[in-house]
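Engineer: Following this message is one structure expressed as structure tokens.
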Number of protein chains: 2
Amino acid sequence: MALIVCKFGGTSVASPERIRNVAKRLVRRKQEGHQVVAVVSAMGKTTDELLGLAAAVNQNPPTREMDRLLSTGEQVSMSLLAMAIEARGYQAMSFTGRQAGIVTDNTHNKAKIVSVDSERIKDALERGYIPVVAGFQGIDENGDITTLGRGGSDTTAVAVAWGIGADVCEIYSDVDGVYSADQRICPHARKLDEISYDDMLEMAGAGSGVLQMRAVEFARKFNVVIHSRSAFSDAEGTYVKEECDMMEEAVITGIAHDTSEVKVTIRGVPDSTGVAAKVFSALAGNMVNTDMIIQNTSEDGITDISFTCPGADLERAKETLKRVVPEINAREVSIDESVAKVSLVGTGMKSTPGVAAKAFNTLGEADINIVAISTSPIRLSVVVDAAQAAEAVRVLHHAFDLDSDAVFEETQLSAEEIAAKMAKGR
Amino acid sequence: MALIVCKFGGTSVASPERIRNVAKRLVRRKQEGHQVVAVVSAMGKTTDELLGLAAAVNQNPPTREMDRLLSTGEQVSMSLLAMAIEARGYQAMSFTGRQAGIVTDNTHNKAKIVSVDSERIKDALERGYIPVVAGFQGIDENGDITTLGRGGSDTTAVAVAWGIGADVCEIYSDVDGVYSADQRICPHARKLDEISYDDMLEMAGAGSGVLQMRAVEFARKFNVVIHSRSAFSDAEGTYVKEECDMMEEAVITGIAHDTSEVKVTIRGVPDSTGVAAKVFSALAGNMVNTDMIIQNTSEDGITDISFTCPGADLERAKETLKRVVPEINAREVSIDESVAKVSLVGTGMKSTPGVAAKAFNTLGEADINIVAISTSPIRLSVVVDAAQAAEAVRVLHHAFDLDSDAVFEETQLSAEEIAAKMAKGR
């Protein structure tokens, strides 16, 4: 018998019928002899609808009121799920963030959890209830409702799992685990049975969207085992945990790609002290998250500086550079929106020389031009032309022996579909 | 400068546009120099939608979860209204029932207020905020969310008005005050400037739907002045308060009618001790709210017993009588759904003899048959055929000198419209 937290996202509770299915699943876990705590997101598009209502009454709504408004979404789904469980003859009790003891700082709309007191949940478990916790929300020290930011429900689930000392935190979604690459563009991708926190974080940071990075960080810090699995099947998914036995031998865990970034180049920059500092502190000051930074060697005291940043930050980047470029006497700014970042991730990389060389050779043989490179001890990222991203993932996946025997025929996309997907990702 | 509570119902906050209008109105009150607290209901049909979702996951949802679910409706409107006020450049702060200090017993779905602690609201007022309170909800001593039952937002408004010592509790709705009769069927009805708590309670109990009876009872008990007025105009409405100067001379304040009741007759009842007690305790035990009870004189030891009850209770009444009638050896049950109750209400009635005689004569002259009669010190109710109800209201209104000079031409209904309205009322 295990103590399990089960987190269900907005898609899994989008309708009364789906809520009834989630209840059925939770009850089955209970019947198997486990103690179960559910964590839920708001139903389907509820959060977007509430954001729309807020925008209709105030273009710049106060964040305190916004949190109070948004937190109602999870309160609706928690109550409905508790009712659906009771309809199956089992006792359930819903908990708001406040009642679940999720205390945060007072940064409304993206609050950080500062403490978790799960006594009330533990008490309900002991009395035989299935506790149902509203994800995404907490309270600050003044007792005001806060929200954790988009995707915060995963973090709530991990925090509750830690609070009650759960054996595992199951995160249900529409994918059945973490894959060695996106199987929509890499038909030989295979589902990982296990992945370490570090690798998962690098995969998430490099564009693999299965789990919220923040939830994984929380899990790593407090050693909570996450099980990422499908809401629509009973198959085992991927366990995210500290030590993965099978990891010792693998050099590369997976290959992530990210088409949401753009590349910005400042041309004709005088190569003098403090110029780069000026550019990047101005960008940071305007909330532009620069990712990779490349500076070419100087020619006659003049150089080019390139960086990548999320497409969503591009307008702010342009705005900043319009001001900064004249100040540093640079020539011009050029922008390339058709780029993709492809990343090799693997804890084993640290102790294995030659990964970079092999990757560059593989890409070179496939005539894929590398625009920029960045590395961490367990990640190697290259920026390539967006049109070549899928091919880059496939050839690297094959070269590093990640291919599975099974092929995802059904989910394989055509070249046009890949292009459409990449355009949409931006 | 006055301290004012302004309560807006679901219709007044049904859309972002209407919420912006409510904000405008509150800000104008503030600009006039008043201190303002708003109390809001859920937007439009929200409560019904939530009830629908609950029914879709559980036919018999647990009341604790139901309260948590329903309370989100007012939390959405309170936040949106606070945002809309801020959009006009004024500071606003929303308060859940918990934060507004509304403590109730733990009778979920129809909780009674046991205490009100308005310190946080007073504090916000002192700091220049417009507090916006979620109506309809409170918390019990365990900290669990409770709801006050349908129409509970009026009660919240009166409770908050008492808690902060407000000069007046303004209740905004789609009618502009309390009328001497329903102007849709009585074109000479006139708006009352003032009405006493007692008269208002009798009017509400007799079918006048402007204010929730419970809110008026609360106001009477704690001497809170209510101002019932239109959400769509600036005209003064009706003040409900303890002593009304103008009342001294008027015998009758108004005439209410109610078409939502049905009349049930048990025929051939043996006239022996304890029979009536058996019938009415069985009905009460099955949650049938009997209103008027009439027992004819016995003939040969056999009598008929009639009573009226809300149409909504009819199925339960039938069910009960099916069981009880054989037990008491009565002959049969007959039901008349085409009845209406017409009530004369007035504190002055107590000290004025001959009101009943005048009313019976007036109805007799108009060929309106009286099916049953009941009285209180300040009310006289008669049950008549539903088809004659509008005519009964009109002739009584005229006979007791209530007619105004102005005639509600525009709102006057045709006989067909009245019939349709009465059928709908059921």
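Engineer: Just need a number here: residues in the stretch B:21-46 that are within 14 Å of another protein chain (Cβ to nearest Cβ) and either buried (at least 21 other Cβ atoms within 10 Å of the Cβ) or part of a loop (DSSP other than H, G, I, E, B) (or both).
Structural biologist: 8
Engineer: Could you look through the stretch A:86-103, keep only residues that are among the hydrophobic types (A, V, I, L, M, F, W, C) and surrounded by fewer than 22 Cβ atoms within 10 Å (Cβ to Cβ), and pick out the one that is nearest to A:Asp140 (Cα to Cα)?
Structural biologist: Top of the filtered list is A:Val103.
Engineer: Right, another one. Return yes or no: is B:Glu49 part of a helix (DSSP H, G or I) and surrounded by fewer than 20 Cβ atoms within 10 Å (Cβ to Cβ)?
Structural biologist: So B:Glu49 fits the description; yes.
Engineer: Which ranges mark the strands (runs of 3 or more DSSP E) fully within the stretch A:173-269 that have 2 or more residues being of a type in the set (Gly, Ala, Ser)?
Structural biologist: A:226-230, A:254-258
Every residue, every condition in (1) over 22 Å from B:Ile164 (Cα atoms); (2) buried (at least 21 other Cβ atoms within 10 Å of the Cβ), yes or no:
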{"site": "B:Pro187", "(1), (2)": "yes, no"}
{"site": "B:Glu202", "(1), (2)": "yes, yes"}
{"site": "B:Phe218", "(1), (2)": "no, yes"}
{"site": "B:Ser228", "(1), (2)": "no, yes"}
{"site": "B:Gly237", "(1), (2)": "yes, yes"}
{"site": "B:Glu242", "(1), (2)": "no, no"}
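Engineer: Only one of these is within 29 Å of B:Ser196 (Cα to Cα) and at pLDDT 90 or above: B:Ala366, B:Ala406, B:Ala372, B:Ala389. Name it.
Structural biologist: B:Ala389
Engineer: Here is a follow-up. Quick one: A:Lys318 ticks every box in (1) farther than 27 Å from A:Ser272 by Cα; (2) within 27 Å of the chain's Cα centre (by Cα) except a single one, so which number is it?
Structural biologist: Going through (1) farther than 27 Å from A:Ser272 by Cα; (2) within 27 Å of the chain's Cα centre (by Cα) one by one, A:Lys318 breaks only (1).
Engineer: Okay, moving on. Inspect all residues belonging to the stretch A:31-47 and state whether any of them is under 24 Å from A:Val225 (Cβ atoms) and in contact with a Lys or Arg (Cβ under 7 Å, 6 or more places away or on another chain).
Structural biologist: Yes, there is a match, as at least one residue in the stretch A:31-47 is under 24 Å from A:Val225 (Cβ atoms) and in contact with a Lys or Arg (Cβ under 7 Å, 6 or more places away or on another chain).
Engineer: Restricted to the stretch B:377-394, and to residues that are surrounded by fewer than 19 Cβ atoms within 10 Å (Cβ to Cβ) and in contact with a Ser or Thr (Cβ under 8 Å, 6 or more places away or on another chain), which residue is farthest from B:Asn361 (Cα to Cα)?
Structural biologist: If we take residues in the stretch B:377-394 being surrounded by fewer than 19 Cβ atoms within 10 Å (Cβ to Cβ) and in contact with a Ser or Thr (Cβ under 8 Å, 6 or more places away or on another chain), then B:Ala387 is farthest from B:Asn361 (Cα to Cα).
Engineer: So which residues in the stretch B:52-69 are at the interface with chain A (Cβ under 10 Å from one of its Cβ atoms), surrounded by fewer than 24 Cβ atoms within 10 Å (Cβ to Cβ) and touching a residue at least 24 places away in the same chain (Cβ under 8 Å), if there are any at all?
Structural biologist: Residues satisfying the conditions are B:Arg64, B:Met66.
Engineer: Let me ask you something else. Any idea which residue in the stretch B:92-129 is farthest from the other protein chains (Cβ to nearest Cβ), counting only those that are within 15 Å of B:Ala161 (Cβ to Cβ) and of a type in the set (Val, Ile, Thr)?
Structural biologist: Applying the filter and picking the extreme gives B:Ile113.
Engineer: Hey, among the residues in the stretch B:270-289 that are free of Cβ contacts under 8 Å to residues at least 60 places away in the same chain and more than 30 Å from the chain's Cα centre (by Cα), which one's nearest to B:Ala317 (Cα to Cα)?
Structural biologist: Filtering first and then ranking leaves B:Lys278.
Engineer: Next question, about the same structure. Being over 15 Å from B:Tyr90 (Cβ atoms), without any contact (Cβ under 8 Å) to a residue 24 or more places away in the chain and over 25 Å from the mean Cα position of the chain (by Cα), is that true of even one residue in the stretch B:3-17?
Structural biologist: yes
Engineer: Can we say B:Glu217 is among the charged types (D, E, K, R) and farther than 25 Å from B:Asp117 by Cβ?
Structural biologist: no
Engineer: For A:Asp313, all conditions in the list (1) assigned to a strand (DSSP E or B); (2) under 26 Å from the mean Cα position of the chain (by Cα); (3) not hydrophobic (A, V, I, L, M, F, W, C) hold save one; what is the number of the exception?
Structural biologist: Exception for A:Asp313: condition (1).
Engineer: Test each condition in (1) closer than 23 Å to A:Ile145 by Cα; (2) crowded, with 24+ Cβ neighbours inside 10 Å; (3) within 10 Å of another protein chain (Cβ to nearest Cβ); (4) not basic (Lys, Arg) for A:Met83 and report the one that comes out false.
Structural biologist: The number of the failed condition is (1).
Engineer: Within the stretch B:118-169, which residues are assigned to a strand (DSSP E or B) and surrounded by 24 or more Cβ atoms within 10 Å (Cβ to Cβ)?
Structural biologist: B:Ile130, B:Pro131, B:Val132, B:Val133, B:Ala134, B:Gln137, B:Gly138, B:Ile145, B:Thr146, B:Thr147, B:Cys169, listed by residue number.
For (1) among the hydrophobic types (A, V, I, L, M, F, W, C); (2) touching a residue at least 24 places away in the same chain (Cβ under 8 Å); (3) surrounded by 14 or more Cβ atoms within 10 Å (Cβ to Cβ), each residue gets a yes or a no:
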site	(1), (2), (3)
A:Thr308	no, yes, yes
A:Ala317	yes, yes, yes
A:Lys322	no, no, no
A:Ile328	yes, yes, yes
A:Glu332	no, yes, no
A:Glu337	no, yes, yes
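Engineer: Which number in (1) in contact with a strand residue (DSSP E or B) (Cβ under 8 Å, 6 or more places away or on another chain); (2) assigned to a helix (DSSP H, G or I) marks the one condition that B:Ala55 misses?
Structural biologist: Here B:Ala55 clears every test but (1).
The values are calculated or read from the model by the stated rules, or taken from the named source; none is laboratory data. Every value quoted in this text rests on a predicted model; they were computed, and no experiment measured them. Quick reminder, even Gly has a Cβ in these numbers, built from the backbone with ideal geometry, and neighbours come from all protein chains shown.
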